[in-house]
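Q: Supplied in structure tokens, the structure appears directly below.
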Amino acid sequence: MTGRHLADVLTDVLKNQVADPQWLGDARWQVAQNPDAIAMLFPAVGRRCGRGPLADAGPELAGWSVDDAARVLLLTALPLRGTALARLVTALYWQGGAAEKRAVLRALSGPDLGDGAADLPRDTDSGAGAAGLSQDLNSGAGTAGLPQDLHSEARAAGLPQDLGRGARAPELPQGLDIGAAAVELLDDAIRTNDPRLVAAAVGSAARRLDDGMWRQAVLKCVFMEIPLTAVADLDRRADGELARMLADLDDERRAAGRSLPDDATVLLALISDPEWVRSTQPGGIGDTASARSAEFKEKTV
């Protein structure tokens, strides 16, 4: 979608799906002329435009509803930047219900990384794990592609199929940039028990979260059984520390006679495989990688 604006994408997708397109068009015009008008229009979107699932949308809009897209479209009409935009958008989030909050989260964008991950916030004290999964996968064995059994299981679970090989999942064009103000909203959403808010918070805007917050967000998705396909940059940011956290959760679940969701099980096996993640920390995941990888492969035979 390079070169396209988010408003153009959503306008195309919403064709023939909005209950009252005239209202939406007028609402966009009002917001462009008077940004404060959005405070009254934003809550009315569901009633005037519809709340059904967004049909015929690409993978980058998976899970979106018609009112999600219409609200984000209104947000893109705001003629504001910088502090003024951040102030208004955060007010809409805090004053809104779950649907309004979800739309704000979907509208946010993280920094545009292009082809690199240098702008992702990173931990500085996590040893080899802080390097990220893709750094390990892009060297040595990483160029060969996933081990075949894990490759097929990753594909079946909807996880990135070319971890570490530079392939990127489809993404929307850049959304609203409210800078660091986004972090407080993301943190609030991740702490809720609303799966749709949590899923919306782990999109591209989650690039603004440091590694510790991001790992906790991924773990929350596993706890709530939110598909990991919702998590942006999983191929860039999954690392040894996330593997340790997932392994601990897996042990707890096993002790209680339960198991991780299928996609989390595949991810754990993948990032615990010694061919893919080579931790240099004493007692790191390298000590258990062979056993977990062998166990996974035994299950898939």
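Q: Determine the equivalent ellipsoid of region 206-252 by diagonalising the alpha-carbon gyration tensor, then write out the semi-axes as square roots of 5 times the eigenvalues, largest first, rounded to whole Å. Working shown, then result.
A: On the way: eigenvalues 54, 32, 17 Å².
Taking √(5λ) for each Cα gyration eigenvalue gives 16, 13, 9 Å.
Q: Using a 10 Å cut-off on Cβ atoms, rank the peptides 77-87, 224-234 from the highest mean neighbour count down.
A: On the way: 77-87: 14.1, 224-234: 19.9.
Final packing ranking: 224-234, 77-87.
Q: Let me ask another. Would you calculate the convex hull of the Cα atoms in region 178-227 and tell me its volume per residue in Å³?
A: Working: hull volume 3.2 nm³, N = 50.
So the per-residue Cα hull volume is 65 Å³.
Q: Hey, what's the per residue convex hull volume over the C-alpha atoms of region 1-92, in cubic angstrom? Numbers along the way, then the final one.
A: Details: hull volume 9.3 nm³, N = 92.
Considering the Cα atoms of region 1-92, their hull volume per residue is 101 Å³.
Read-outs: derived from the displayed coordinates by stated rules, not from any lab. Bear in mind that the values here come from a model prediction, so they are computed numbers and not experimental data. Cβ sites come from the backbone with ideal geometry, for glycine too, and all protein chains shown count toward neighbours.
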